[in-house]
Amino acid sequence: MSDKGSQIGEANQQSEWSGKPCPHCGSNDIVSKLELGVTGMDEFGITYKINAFFTGNEKLHAEICLACGTVVRIFVVNSKRNWIVT
């Protein structure tokens with residue numbers, strides 16, 4: 001197995017996968033808590049209000065099926081934020 005495959009396997013074992021199979025192919029080979037990011041930007045996420053003057057971004061995470069590449073779920077780790085709704 002390549003180093004990259006080994007790293008994916010390790011991430012899969014350490015993840016907090018929801019336990020649901022891939023809706024596309026039915027595989028249980030799911031890796032979780034992968035951070036979504038954008039090249040060239042410091043932060044990418046959902047904006048929340050910290051106080052009257054400051055906002056923050058909650059990072060987005062994903063679960064991906066390693067068998068077919070389907071993004072099974074996108075989520076935030078901390079859902080208890082003062083979200084800014086536009």
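The values are calculated or read from the model by the stated rules, or taken from the named source; none is laboratory data. Please read all numbers here as calculations on a predicted model, not as lab measurements. Because the Cβ atoms are built from the backbone with ideal geometry, glycine has one as well, and the counts that use them run over all protein chains shown.
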Q | Answer residue from the stretch 28-52, given it is at pLDDT 90 or above and in a loop (DSSP other than H, G, I, E, B) and is surrounded by the most Cβ atoms within 10 Å (Cβ to Cβ) among those | A | Asp29
Q) For Gly9, all conditions in the list (1) modelled with pLDDT of 60 or more; (2) outside any strand (DSSP E or B); (3) more than 12 Å from Arg73 (Cβ to Cβ) hold save one; what is the number of the exception? A) (1)
Q) Within the set of pairs 6+ apart or on separate chains, which have a first residue in the stretch 74-86 that is free of Cβ contacts under 8 Å to residues at least 40 places away in the same chain and closer than 14 Å to His61 by Cβ, a second that is surrounded by 10 or more Cβ atoms within 10 Å (Cβ to Cβ) and of a type in the set (Gly, Ala, Ser), and C-beta atoms under 7 Å apart? A) Ile74/Ala62
